[in-house]
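**Q** Let me give you the structure first, and then I'll get to my questions.
The values are calculated or read from the model by the stated rules, or taken from the named source; none is laboratory data. These numbers come from a predicted model, not from an experiment. In this analysis, Cβ positions are derived from the backbone assuming ideal geometry, glycine residues included, and neighbour counts consider all displayed protein chains. For the accessible areas, the whole protein counts, side chains as well, though only heavy atoms, and no ligand, DNA or RNA atoms are used. Shrake-Rupley method; radii C 1.70, N 1.55, O 1.52, S 1.80 Å.
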Amino acid sequence: MLVTLGLLTSFFSFLYVVAPSIRKFFAGGVCRTNVQLPGKVVVITGANTGIGKETARELASRGARVYIACRDVLKGESAASEIRVDTKNSQVLVRKLDLSDTKSIRAFAEAFLAEEKQLHILINNAGVMMCPYSKTADGFETHLGVNHLGHFLLTYLLLERLKVSAPARVVNVSSVVHHIGKIHFHDLQSEKRYSRGFAYCHSKLANILFTRELAKRLQGTGVTTYAVHPGVVRSELVRHSSLLCLLWRLFSPFVKTTREGAQTSLHCALAEGLEPLSGKYFSDCKRTWVSPRARNNKTAERLWNVSCELLGIRWE
């Protein structure tokens, strides 16, 4: 008994000593550019919480006019108020955007285009994860509808403003779990078979395929695009899974803070010289490997065409 107690004491003492080193290792890359953004306009979806909020805070601190586009306007106003105080930047604005409803997306885009003549950075950050099976207002499976189709439509509606503001960037927040994802064109809405875990993975693969095809179509426009894996982050994204919430607490030394999770989005939005890497996938502030499915140009093009059909748009 005494031996066991001694071993446990030694083990926890060891963890206590090495914990700072563990945290530093899992914190990942850091956006190191000093680029300032006075006069620049930024839209970030889902920036009322999590890594989106931290991304908004950092961009506001650099002088940008930041639009927090979110479903929960009250929470958005609370986040914006906090960011204004922290950054001394009054140009942090909140606008209603529900990515599960194409009418809301169109209303947001129409109002934004009437309000702003420029858009330099669009960060498609919002997302849902491991939801019970449900459909959006337009009948799309929720993960596909919010994580992919909602951002696909938003980017389409804002693209001309990005082009006239070039150089401009689009950052799509994906995930390392895209490696598990697959695009099932025969059951895109998961009506035949549904797994809330796999549905999330499929949508994150769609984010990368969208980025890949978008980059190809944007060549020569001055607008570039990047997909990012933020890391394993302690945020509200896991709220639909009690198991993940428990694991995140148990393994907190290995989980990034929201500020750490925002670093790769910031890197792709700000770092100089990234233009030749348009369409690529980044993790910990550097380009990294994607799955073979994420490199399939035929799948990317087919998903693009199917997405246009589902949304009723023509994107040349």
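**Q** Applying a 10 Å radius around every beta-carbon, put 137-143, 147-153 in order of their mean neighbour count, most first.
**A** Working: 137-143: 18.9, 147-153: 26.6.
Ranked by mean Cβ neighbours within 10 Å, highest first: 147-153, 137-143.
**Q** So, in nm, how far is label Y194 from label V85 when the simple model puts each one 7 Å beyond its Cα toward the Cβ?
**A** Taking the simple label geometry, Y194 and V85 are separated by 4.1 nm.
**Q** Oh, and also: Does region 71-139 classify as rounded, prolate or oblate by the C-alpha gyration tensor (a ≥ b ≥ c root eigenvalues; a/c under 1.5 gives rounded; else a/b over b/c gives prolate, otherwise oblate)? Mind showing how you got there, number by number?
**A** Numbers: a/c = 2.37, a/b = 1.44, b/c = 1.65.
Note, shape of region 71-139 comes out oblate.
**Q** Over region 22-95, with the other protein chains present, what is the accessible area per residue in square angstrom, probe 1.4 angstrom?
**A** Working: 3370 Å² over 74 residues.
It amounts to 46 Å² per residue over region 22-95.
**Q** Convex hull over the Cα atoms of region 25-172, averaged projected area in nm²? Spell out each step's value before the answer.
**A** Numbers: hull surface 37.8 nm².
That works out to 9.5 nm².
**Q** If you place +1 on the Cβ of every Lys and Arg, -1 on the Cβ of every Asp and Glu, and leave all else neutral, what size is the dipole of region 52-203 about its Cα centre, to the nearest 20 Debye? Can you show the working numbers first?
**A** Working: 21 positive and 16 negative charges, 43 e Å.
Here region 52-203 has a charge dipole of around 200 debye.
**Q** If I model a spin label at T257 and H184 as a point 7 Å from the Cα along the Cα→Cβ vector, what separation in nanometres do I get?
**A** 4.0 nm
**Q** Same structure, new question: Which lysines have a Cα lying under 21 Å from the Cα of K280, excluding residues fewer than 8 positions away in the same chain?
**A** Within the straight-line cut-off, K280 pairs with K163, K182, K204, K216, K298.
**Q** Then there's this: Show the residues, 5+ positions off or on another chain, whose built amide H is closer than 5 Å to the amide H of V94.
**A** I68
**Q** Suppose the Debye formula is applied to equal point scatterers at every Cα of region 60-100; what is log10 I(q)/I(0) at q = 0.27 Å⁻¹?
**A** Log10 I(q)/I(0), no solvent term: -0.84.
**Q** Once a ≥ b ≥ c are taken as the square roots of the eigenvalues of the Cα gyration tensor of region 30-112, is the result rounded (a/c under 1.5), prolate (a/b larger than b/c) or oblate (a/b not larger than b/c)? Working shown, then result.
**A** Values: a/c = 1.90, a/b = 1.67, b/c = 1.14.
Prolate is the answer for region 30-112, as a/c is 1.5 or above and a/b outweighs b/c.
**Q** May I pose another question? Quick check: pseudo-label points 7 Å beyond the Cα along Cα→Cβ at N305 and K216, how many nm apart are they?
**A** 1.1 nm
**Q** On to the next question. Output wanted: per-residue J couplings in Hz (rounded whole) for region 110-125, from phi through Karplus 6.51 cos²θ - 1.76 cosθ + 1.60, θ = phi - 60°, x for Gly and Pro.
**A** My calculation for region 110-125 gives 4, 5, 5, 5, 6, 8, 10, 8, 9, 8, 9, 9, 10, 10, 7, 9 Hz in order.
**Q** Another one. What ranking, highest mean first, results for peptides 282-292, 257-267 when packing means the other Cβ atoms within 10 Å averaged over each residue?
**A** Highest to lowest by the protection proxy: 257-267, 282-292.
**Q** Follow-up. How large, in percent, is the carbon and sulfur part of the accessible surface of region 45-184 at a probe radius of 1.4 Å? Don't skip to the end; give the middle numbers.
**A** Numbers: 2740 of 5140 Å².
With neighbouring chains kept in place, the figure for region 45-184 is 53 percent.
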